[in-house]
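Trainee: One structure coming up, written as C-alpha cells, with questions to follow.
The values are calculated or read from the model by the stated rules, or taken from the named source; none is laboratory data. No experiment lies behind these values; they were computed from the predicted model shown. Glycine gets a Cβ as well: all are built from the backbone with ideal geometry, and neighbour counts include every protein chain shown. For the accessible areas, the whole protein counts, side chains as well, though only heavy atoms, and no ligand, DNA or RNA atoms are used. Shrake-Rupley method; radii C 1.70, N 1.55, O 1.52, S 1.80 Å.
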Amino acid sequence: MLFKRKPTTIPSAADALPGRHQAIPTAEKHFVNGHALKGPYPAGMEKAIFGLGCFWGAERKFWELPGVWVTAVGYAAGATPNPTYEEVCSGMTGHNEVVLVVFDPKQVSYAMLLKTFFESHDPTQGMRQGNDVGTQYRSGIYVFDAAQKKAAEEAKGMYAEAIKKSGYGAITTEILDAPPFYFAEDYHQQYLAKNPHGYCGLGGTGVSCPIGLGVAQH
C-alpha cells in the first residue's frame, strides 16, 4: 500500500487527491460469463450501482443472480477523477468501492437487487464493514432515475424497521443520484472467481424483508 492512513470522514473536493484525465486500464470482458465489461449492452438492459463493503465479495452476490447481464467493480461517489485502488484506500479520494450491475428488468427486478444488497451486508456500520474500516466501505445505493430512488428509499425504510426490531442501530446507507463510475483495475474484476479462496469480508444482519420481488420492474 502507498498509504497507511484510514480516515473515516470524506474529504472535501479541495482536499481530495487530483487524480488523472485518462481512465486506468481494466479488463475487457467479464471473467465468468465473457460479456463486455464496458458494453455496449443489449437493448433493454438497465444499470444499478451499490456499495456494500469490500467489492470483491459484493460483486459475486450480484453476478450469481439470474437476469444479471454483467457486473463490474469500481469506484464512485468521490471527488478524484479516475482514481487508483491505492488512492481510494488512502481515504483521500472520497470514493466508495462499488459494484455496477447491468441487468434485464424482465428477468430480475430492481427490488430483488435491493434485497440482495440489504441482506448481504450490515448497513448500520457507517464508514466500515466488519474489520474493513474506511470511507470506501460505506453502505450506498446510487440511483439512475426517480423509480430507482423511490424503490431504494422505500426498501431502506422497511429494512430500517426490521433491523431495529432485531436489535441493530440505525441504517447508515446513503442514497444518491448515480455519480461517475470509474472501473477498477483488471485484477479486481470478478476477483473471487479468479481466486476462489480469496478474502470476502462481507457479513450481514440476518434480517430479511419482503419488498415486492416480482419478476418485472415497475
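Trainee: Taking the stated definitions as given, is Lys47 open to solvent by 60 Å² or more (accessible area, probe 1.4 Å) and within 15 Å of Tyr142 (Cα to Cα)?
Mentor: It is true that Lys47 is open to solvent by 60 Å² or more (accessible area, probe 1.4 Å) and within 15 Å of Tyr142 (Cα to Cα).
Trainee: Only residues that are surrounded by fewer than 16 Cβ atoms within 10 Å (Cβ to Cβ) and either more than 14 Å from Leu202 (Cβ to Cβ) or of a type in the set (Phe, Trp, Tyr) (or both): list them for the range 119-148, please.
Mentor: Gly126, Phe144, Asp145, Ala146, Ala147
Trainee: Oh, and also: Only residues that are in a strand (DSSP E or B) and in contact with a Ser or Thr (Cβ under 8 Å, 6 or more places away or on another chain): list them for the range 139-191, please.
Mentor: Across the range 139-191, the qualifying residues are Ser139, Gly140, Ile141, Glu174, Phe183.
Trainee: Check Val32 against each of (1) out of contact with any Phe, Trp or Tyr (no Cβ under 7 Å at 6 or more places or on another chain); (2) open to solvent by 20 Å² or more (accessible area, probe 1.4 Å); (3) closer than 27 Å to Pro196 by Cβ and name the one condition it does not meet.
Mentor: Going through (1) out of contact with any Phe, Trp or Tyr (no Cβ under 7 Å at 6 or more places or on another chain); (2) open to solvent by 20 Å² or more (accessible area, probe 1.4 Å); (3) closer than 27 Å to Pro196 by Cβ one by one, Val32 breaks only (1).
Trainee: Among the listed residues Phe31, Phe118, which satisfies the condition of being touching a residue at least 60 places away in the same chain (Cβ under 8 Å) and part of a loop (DSSP other than H, G, I, E, B)?
Mentor: Phe31
Trainee: While we're looking at this one, here's another question. Name the residues in the range 14-29 that are open to solvent by less than 40 Å² (accessible area, probe 1.4 Å) and closer than 16 Å to Ala77 by Cα, would you?
Mentor: Ala16, Gly19
Trainee: Next up: Residue under question is Gly126, and the condition is that it be modelled with pLDDT of 95 or more and in a loop (DSSP other than H, G, I, E, B); does it hold?
Mentor: yes
Trainee: Collect the residues in the range 152-171 that are acidic (Asp, Glu) and more than 18 Å from the chain's Cα centre (by Cα), keeping them in residue-number order.
Mentor: Passing the criteria: Glu154, Glu161.
Trainee: If you take the residues of the range 72-107 that are open to solvent by less than 10 Å² (accessible area, probe 1.4 Å) and part of a loop (DSSP other than H, G, I, E, B), which of them is nearest to Ala178 (Cα to Cα)?
Mentor: His95
Trainee: Could you list, in sequence order, the residues of the range 136-154 that are farther than 18 Å from Ile211 by Cα and out of contact with any strand residue (DSSP E or B) (no Cβ under 7 Å at 6 or more places or on another chain)?
Mentor: Asp145
Trainee: Applying the selection to the range 169-218, what residues are open to solvent by 60 Å² or more (accessible area, probe 1.4 Å), at pLDDT 85 or above and over 28 Å from Tyr85 (Cα atoms)?
Mentor: Residues satisfying the conditions are Ala170, Gly206, Ser208.
Trainee: Now for a separate question. Does Pro11 count as touching a Ser or Thr at 6+ places or on another chain (Cβ under 6 Å), open to solvent by less than 30 Å² (accessible area, probe 1.4 Å), of a type outside the set (Val, Ile, Thr) and part of a loop (DSSP other than H, G, I, E, B)?
Mentor: No; evaluated as a whole, the condition is false for this residue.
Trainee: Determine whether the range 60-68 contains at least one residue that is open to solvent by less than 10 Å² (accessible area, probe 1.4 Å), at pLDDT 95 or above and β-branched (Val, Ile, Thr).
Mentor: Within the range 60-68, not a single residue is open to solvent by less than 10 Å² (accessible area, probe 1.4 Å), at pLDDT 95 or above and β-branched (Val, Ile, Thr).
Trainee: I'd like the full set of residues that are in contact with a Lys or Arg (Cβ under 8 Å, 6 or more places away or on another chain), farther than 23 Å from Lys47 by Cβ and not small (Gly, Ala, Ser), limited to the range 132-169.
Mentor: Scanning the range 132-169 gives a single hit, Val133.
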